1. For the condition touching a strand residue (DSSP E or B) at 6+ places or on another chain (Cβ under 6 Å) and at pLDDT 65 or above, what is the one hit in ALA86, ALA104?
2. Among the residues of the stretch 93-112, write down those that are open to solvent by 60 Å² or more (accessible area, probe 1.4 Å) and without any contact (Cβ under 8 Å) to a residue 12 or more places away in the chain.
3. Residue by residue through the stretch 126-136, note down the ones that are aliphatic (A, V, I, L, M) and surrounded by fewer than 12 Cβ atoms within 10 Å (Cβ to Cβ).
4. If I filter the stretch 197-234 down to residues being within 25 Å of the chain's Cα centre (by Cα) and of a type in the set (Lys, Arg), which single residue comes out as most open to solvent (accessible area, probe 1.4 Å)?
5. So ALA164 ticks every box in (1) touching a residue at least 40 places away in the same chain (Cβ under 8 Å); (2) touching a Phe, Trp or Tyr at 6+ places or on another chain (Cβ under 7 Å) but one. Which box is left unticked?
6. Mind listing whichever residues of the stretch 185-231 are more than 22 Å from LEU152 (Cβ to Cβ), outside any loop (DSSP other than H, G, I, E, B) and in contact (Cβ under 8 Å) with a residue 40 or more places away in the chain?
7. Tally up the residues in the stretch 232-241 that are free of Cβ contacts under 8 Å to residues at least 24 places away in the same chain and touching a Pro at 6+ places or on another chain (Cβ under 8 Å), please.
8. Report whether or not THR143 is touching a strand residue (DSSP E or B) at 6+ places or on another chain (Cβ under 8 Å), of a type in the set (Val, Ile, Thr), at negative phi and part of a helix (DSSP H, G or I).
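The values are calculated or read from the model by the stated rules, or taken from the named source; none is laboratory data. Please read all numbers here as calculations on a predicted model, not as lab measurements. Don't worry about glycine lacking a Cβ; one is built from the backbone with ideal geometry, like all the others, and counts go over all protein chains shown. Surface accessibility is based on the protein's heavy atoms, side chains included, excluding ligands, DNA and RNA. Shrake-Rupley method; radii C 1.70, N 1.55, O 1.52, S 1.80 Å.
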Amino acid sequence: SAAADSRTGTRPRTGPGGGSASWAQQVHQLAQPEPQQQHQHQVQQPPQHQGPAAGAGADQPVVPWKPPVDDPFQQLARNQASARPAGLGKRFAARLVDSLVLGAIVGAVAVPLSARALDHIDRKITAAKETGETVTVWLLDSTTGVLLGALLAAFLLLGFLLEALPTAKWGRTLGKKLFGLDVRDIESHDAPSLGAALRRWLVYGVLGLLVLGVVNVLWCLFDRPWRQCWHDKAARTFVAG
């Protein structure tokens with residue numbers, strides 16, 4: 001009834017025809033559940049921090065900055081791969097030092113051998129004069145030949161010890177070390193093998209004995225692009241610095 005609706009504070013319900021609903025219809029309508037509203041929950045994502053301050057919380061340790069240190073082996077490999085032919089002035093100075101050292105030691109060996117050879121020749125000349133006849137005295141005989149062979153062997157052996165062996169082991173002789181030069185293989189840019197270093201020295205030494213050493217040394221003035229002398233071409237090496 002209208003009085004009951006006013007006491008309960010509810011609005012009187014109308015029936016299908018627009019009038020007031022009957023008591024049974026009102027009971028049936030009150031028994032129906034009210035439609036529930038769908039609530040959309042939005043999931044809030046934590047804000048993302050950008051910049052250097054991100055992740056700098058108290059639970060993360062601070063790593064101290066260290067300057068980058070270049071690997072010495074990689075640096076050596078880069079320097080080795082970028083080697084270029086040395087200047088001719090340094091090469092000449094280094095060769096001069098090596099020649100003076102080798103010449104001094106060979107000269108020390110040659111002095112007693114030369115003295116023995118001269119004594120032998122003097123005795124031959126004195127014996128020829130005593131005959132009173134014209135006698136041809138040969139300067140080169142079995143005795144002087146042995147002495148000359150000993151001097152040549154000393155020259156080659158000392159050259160091997162002072163030139164070929166240091167070149168194969170360290171890539172440099174004493175003179176080249178003083179002027180910062182290296183002998184390197186033309187392909188790998190490493191120090192040459194012992195065989196290549198020995199071949200290099202033999203070509204240089206033999207040409208020097210045959211008075212062709214000057215042409216051999218001067219050849220690097222015209223050679224391009226590696227400035228090789230003949231002994232470098234024979235060993236497939238070049239002088240870097």
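1. ALA86
2. Matches in the stretch 93-112: LEU100, ALA104, ALA108, VAL111, PRO112.
3. Looking only at the stretch 126-136, we keep the residues that are aliphatic (A, V, I, L, M), and these are 127-128, 135.
Passing the criteria: only ALA127.
4. Going through the qualifying residues, I end up with ARG224.
5. Just one mismatch for ALA164, condition (1).
6. ASP185, ALA196, CYS220, LEU221, listed by residue number.
7. Adding up the residues that qualify gives 0.
8. Details: touching a strand residue (DSSP E or B) at 6+ places or on another chain (Cβ under 8 Å): no; of a type in the set (Val, Ile, Thr): yes; at negative phi: yes; part of a helix (DSSP H, G or I): yes.
No; evaluated as a whole, the condition is false for this residue.
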